[in-house]
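The values are calculated or read from the model by the stated rules, or taken from the named source; none is laboratory data. Everything numeric here is computed off the predicted structure, so don't read it as measured data. Ideal geometry is used to build each Cβ from the backbone, glycine not excepted, and the neighbour counts take in all protein chains shown. Keep in mind that these areas ignore ligands, DNA and RNA; they rest on the heavy atoms of the full protein, side chains included. Shrake-Rupley method; radii C 1.70, N 1.55, O 1.52, S 1.80 Å.
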Amino acid sequence: MSRAFRKERVPDDGPDPIPVRKEDKNQAEDQKGIDQTEGKHEELLEARKGEESSGTSGTSGTTPGDAKGGSGAGSGGESGSGGGDGSRKGGKKPSTERAIQKPSVPEIYPQVMAIPIVQRPLFPGFYKAVTVRDRNVAAAIQEAFRRGQPYVGVFLFKDETATKDIIENREDVHDVGVFAQITSAFPVSGETDSLTVVLYPHRRIRMSKLIPPRPASEPPGPVTIDLKEVKDQSLKEQGSLEKPGDVVASFEESSTPPQSKEVQPYEPTSFLRDYRVTLVDVDNIPEQKYDAKSPVLRAVTSEIVSVFREVAQLNHLFRDQISTFALTQSAGNVHEDPAKLADFAGAVSTGEVRELQDVLETMNIEERLQKALMVLKKELMNAQLQSKISKDVENKIQKRQREYWLMEQMKGIRRELGIESDGKDKMVEKFREKGNKLAMPEAVRKVFDEELSKLAHLEPAASEFNVTRNYLDWLTQIPWGQQSAENFGIKNAMTVLDEDHHGLKDVKDRILEFIAVGKLRGTVEGKILCLVGPPGVGKTSIGKSIARALNRQYYRFSVGGLWDVAEIKGHRRTYVGALPGRIIQALKKCQTENPLILIDEVDKIGRGHQGDPSSALLELLDPEQNNSFLDHYMDVPVDLSKVLFVCTANMTDTIPRPLLDRMELIELSGYVADEKMAIAERFLAPAAKELSGLKDVDVALNKDAIEELINKYCRESGVRNLKKHIEKVYRKSALNIIQDLGEDVFSEDKGLTEEGKAAQAASKKDESDVKETPSAIEKETTPTPRKQIKVPDGVHVSIDRQNLKDYVGPPVFISDRLYETTPPGVAMGLAWTSMGGAVLYIESILENALNAASRPGLERTGNMKNVMKESTLIAYSFAKSVLARLFPENKFFEKAKVHLHCPEGATQKDGPSAGITMATSLLSLALDKPLDPSIAMTGELTVTGKVLRIGGLREKTVAARRAGAKTIIFPVDNTSDWLELPQNIKDGIEGHAASWYSDVFDLVFPDLDSKRANNMWKEQLAKPQKENNKSEEDE
């Protein structure tokens, strides 16, 4: 066998499939055409066998490589015996000595493992797949693979309902079976201990003795195998049995001379006794000689071939099998091998089990052919009967089809005569008219015509009819080529945007830019804007204002918590109740190709087992791709390039990066006090007053009361909470008016309409439980049961700062800042959150009194995350370095145990921007120097004192302004952000840019006494006099 294709393999590898070639003893040249893979596998099996038996063979110093070498050398000889040089290093022979040997099948194999089968027997030369579910049999097959003995005897169960994989009684099976080789085995899907085994039968065998499986309680006995004795026996058997053209199995590992030591004879199947499997002693059944020129034999063979032809014309499966059989016949003439033809007839027919087994057991070729012909004749009769039934069914269908066509012709004649009209034709004509009015693209028009033609030929009762009709309905409701006339007036857009929103300069400028480009070009392409900001700043409502300013249709849908990708891309039409996605629905509702679509809460999009909607938005929100957006339901490209998409989000951290890259971000910071005041006066108060039923009533919410609400109740970035409080004020006013004037002024009769009075009277007669719907519910309901009651003109209500608490309760915030005067160790920092900017104080205290024996330490609290914890360590180390460098006599950090805390411990805090605030807090404690409470700071700090860039400066500035800060310290890299801030936000605040912490130190400690700071804590850290004297005595 060839060594050129050998690969190294570890002993624990699973068994490889063993390829088997069809033996043809009449052609000796098949020796040259053997597949190289078979040789490689045979060599691997011999090598592994050599590894396992090296200990018992008595050969010392043999490695797996040596075993393979000996095997390869032995198989390279002309006789196939182990005559190679096994002592050669690595076991490799020169390339000129390599040869390819056909894998041998033992001619004599007296004892094999028996595998029973049901339903039909196996015939030599034809593959069969068998499922083995007995774990012991499966394990034995795997072991046989591993040892290179993949041979079994296959016998047919007499009972067709038997399911066992072992034979317990010889009477259960037929004595005649086949000697088969296992070519491959692989596990059954879903079953752990089962194998699917592919068998290739070689010859007929007869069972002479049955060795039933051992009982489960009986342990397996040891098996002694001597490979040297096996080798000697193999050499003798090979010399006596080998004939020209025969293939002999070889199990030798090396050619070591036999020893005088007495050993047990080697049995190839002895290892199977360790498993609960059936072993049988078998004898080969030789084929009887026959006269190839016998006229009876030739006549029966010709008749079988003729029957095969007839069956093939009726049964396509037979036709394929016959073609495969003809290709595998090397001789090319079936008359030369009638035994093979008889076996093929038995293998492919579906006759009775007893008849097929009789064909297998018959060794006389003429009798076997006649029995096979009988089986084939029955197969032909079955095929003819099947063909007759098929033709009868086909004739019935053709008759019904003919009746259907006649009925359709009759309907057509009646329509022509005006006797009746077809609703389907009207529907088709209606779709055609609608389609002709639309400017469909060429690809869409082609699909439309095909679907319309299909609808015209479908019967209304067919299930496909409704699917096609719904699809055409959606296809004709999309506004192909229809666009609304946009208003590109700059003044008009400014007027509309200012009417609806106060502030939002960045958003308004972007919309004006968009309009200006459209005004010059005459057309605009769709854009994708993303408004990012805290809740309540008007992100959602700005979308409707933009649509009104541009004279575009408006459609809004929220993707918060959306987990089904079909909401974006639609369902497949094959699903029941399938619908297009929300984008196609938006086009249908707006009836224009250029609407404004607002996608709300894009940062809160979900993800489920039905796909990732955020990934589906990639195609939708990409200007380079959405000109041919493909909805799953529509299945035609839809142009969305003219749509203006506006997305809203509270934060960008949860938006996927590829999706965020496709959008143009516009950040909206929170409102300052004067902006809130303007919004409350212009929008919130009038709307709340009308909703409370006080539109024409003299109820005045004074300006000082709104200012009090902003400063003492609603300090958040947006105005949603302010809106709730203003609505609460007006609701409380309405209640006070009714209670003060009394129920007589606002009686129920004045508030009910005539229909409402009748419904109320009917409900009073109803005595049923409120949990149950009454039978006469239609009499107790009416579309307009009530009307608005007019408040008398003499009512006057005024809400100011003094009586505001009577309407909304006591103030939530009693001071502008947490600290009016900060003690040493407290610094005011600034933080960014999804709700906007916030003030974040950093507090540091000394835990224990300082003395010479105290030890240093740092404790951190305040629900800080990993990044912020690292910032505390950096700030602590940097503060110690500043003190050591500027004030070397100040030994505070060498002895002080410091506790650093961030208030509001229930809120998680993270980020590096509090670095300079923490360092300032620690230095303030070490220098015992309080800070100015109006100074706020933000910036990331490095261990060398460099101040790095931060984000959210706008929101932090707004928070500092709300907290009453007068000075803000920020990194010098954020200077451009500071300059872009609106002037109304920066009014009254002085900004300072810091590049190094030394700039911050000079600003927060402007009048520091260096001598006092250097001598700070000296008295506390000085050693007592007794200790000094004791130390001097010790010296």
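Overview of values
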item	result
Among the residues listed as ARG98, ARG135, the single one being at pLDDT 85 or above, open to solvent by 60 Å² or more (accessible area, probe 1.4 Å) and more than 29 Å from LYS340 (Cα to Cα)	ARG135
All positions within the stretch 779-808 that are among the small types (Gly, Ala, Ser) and either part of a strand (DSSP E or B) or under 18 Å from LEU752 (Cα atoms) (or both)	SER798
Qualifying position, being at pLDDT 85 or above and under 19 Å from ASN594 (Cβ atoms), among ASN487, ASN466	ASN487
Filter result (within 16 Å of the chain's Cα centre (by Cα) and open to solvent by less than 30 Å² (accessible area, probe 1.4 Å)) within the stretch 565-604	ALA566
Residue within the stretch 441-461 that is open to solvent by 80 Å² or more (accessible area, probe 1.4 Å), over 30 Å from TYR633 (Cα atoms) and not in a helix (DSSP H, G or I) present	no
Any hit, the stretch 510-519, residues being touching a residue at least 60 places away in the same chain (Cβ under 8 Å), under 30 Å from CYS714 (Cα atoms), in contact with an Asp or Glu (Cβ under 6 Å, 6 or more places away or on another chain) and of a type outside the set (Ser, Thr, Tyr)	no
Every residue from the stretch 335-347 that is surrounded by fewer than 21 Cβ atoms within 10 Å (Cβ to Cβ) and either more than 56 Å from the chain's Cα centre (by Cα) or at pLDDT below 80 (or both)	HIS335, GLU336, ASP337, ALA339
The one condition in (1) part of a helix (DSSP H, G or I); (2) closer than 28 Å to GLY952 by Cβ that GLU567 fails to fulfil	(2)
Failed condition for ARG962, given (1) under 44 Å from the mean Cα position of the chain (by Cα); (2) surrounded by 15 or more Cβ atoms within 10 Å (Cβ to Cβ)	(1)
Residue count, the stretch 397-418 (criterion: closer than 17 Å to ALA456 by Cα and either basic (Lys, Arg) or outside any helix (DSSP H, G or I) (or both))	2
Among (1) assigned to a loop (DSSP other than H, G, I, E, B); (2) loosely packed, with under 13 Cβ neighbours inside 10 Å, the one test that ASN890 misses	(2)
Single residue of the stretch 541-563 satisfying the filter (in contact with a His (Cβ under 9 Å, 6 or more places away or on another chain) and of a type in the set (Gly, Ala, Ser)) that is farthest from ASP612 (Cα to Cα)	SER545
Enumeration of residues in the stretch 846-863 that are in contact with a Ser or Thr (Cβ under 9 Å, 6 or more places away or on another chain), closer than 22 Å to LYS929 by Cα and assigned to a loop (DSSP other than H, G, I, E, B)	ASN848
Unmet requirement for VAL496, which otherwise passes all of (1) surrounded by 18 or more Cβ atoms within 10 Å (Cβ to Cβ); (2) modelled with pLDDT under 85	(2)
Failed item in (1) under 57 Å from the mean Cα position of the chain (by Cα); (2) open to solvent by less than 10 Å² (accessible area, probe 1.4 Å), with LEU314 passing the rest	(2)
Residue tally, condition farther than 26 Å from LYS158 by Cβ, among the basic types (Lys, Arg) and either over 51 Å from the mean Cα position of the chain (by Cα) or modelled with pLDDT under 80 (or both), over the stretch 358-406	3
Count of residues meeting criterion [in a loop (DSSP other than H, G, I, E, B), farther than 23 Å from ARG949 by Cα and not charged (D, E, K, R)] in the stretch 813-845	10
Residue match in the stretch 512-520 (condition: open to solvent by less than 20 Å² (accessible area, probe 1.4 Å), out of contact with any strand residue (DSSP E or B) (no Cβ under 6 Å at 6 or more places or on another chain) and within 16 Å of SER669 (Cα to Cα))	no
Those residues of the stretch 852-870 which are under 17 Å from GLY905 (Cβ atoms) and open to solvent by less than 70 Å² (accessible area, probe 1.4 Å), in sequence order	THR861, GLY862, ASN863, MET864, MET868
Unique residue being touching a residue at least 24 places away in the same chain (Cβ under 8 Å) and in contact with a Phe, Trp or Tyr (Cβ under 9 Å, 6 or more places away or on another chain) when the list is VAL375, VAL348	VAL348
Those strands (runs of 3 or more DSSP E) lying entirely in the stretch 634-708 with at least 3 residues surrounded by fewer than 20 Cβ atoms within 10 Å (Cβ to Cβ) and free of Cβ contacts under 8 Å to residues at least 12 places away in the same chain	none
Residue match in the stretch 428-439 (condition: free of Cβ contacts under 8 Å to residues at least 40 places away in the same chain, over 28 Å from LEU587 (Cβ atoms) and either among the β-branched types (Val, Ile, Thr) or open to solvent by 90 Å² or more (accessible area, probe 1.4 Å) (or both))	no
Search result, residues across the stretch 361-414 that are open to solvent by less than 60 Å² (accessible area, probe 1.4 Å) and either among the small types (Gly, Ala, Ser) or in contact with a Lys or Arg (Cβ under 7 Å, 6 or more places away or on another chain) (or both)	THR362, ALA372, ALA383, SER387, GLY412
Search result, residues across the stretch 169-197 that are exposed (fewer than 15 other Cβ atoms within 10 Å of the Cβ) and in a strand (DSSP E or B)	PHE186, PRO187
Any hit, the stretch 983-996, residues being outside any helix (DSSP H, G or I), out of contact with any Phe, Trp or Tyr (no Cβ under 8 Å at 6 or more places or on another chain), at pLDDT 85 or above and small (Gly, Ala, Ser)	yes
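Here is a yes/no grid of residues against (1) at pLDDT below 85; (2) surrounded by 14 or more Cβ atoms within 10 Å (Cβ to Cβ):
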position: LYS946; (1), (2): no, yes
position: ASP973; (1), (2): no, yes
position: LEU979; (1), (2): no, no
position: PHE1001; (1), (2): no, yes
position: LYS1011; (1), (2): no, no
position: ASN1028; (1), (2): yes, no
position: GLU1032; (1), (2): yes, no
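Table: residues versus (1) farther than 30 Å from LYS695 by Cα; (2) touching a helix residue (DSSP H, G or I) at 6+ places or on another chain (Cβ under 7 Å); (3) surrounded by 20 or more Cβ atoms within 10 Å (Cβ to Cβ).
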site: GLN788; (1), (2), (3): no, no, no
site: ASP806; (1), (2), (3): no, no, no
site: GLU820; (1), (2), (3): yes, no, no
site: PRO823; (1), (2), (3): yes, no, no
site: ILE842; (1), (2), (3): yes, yes, yes
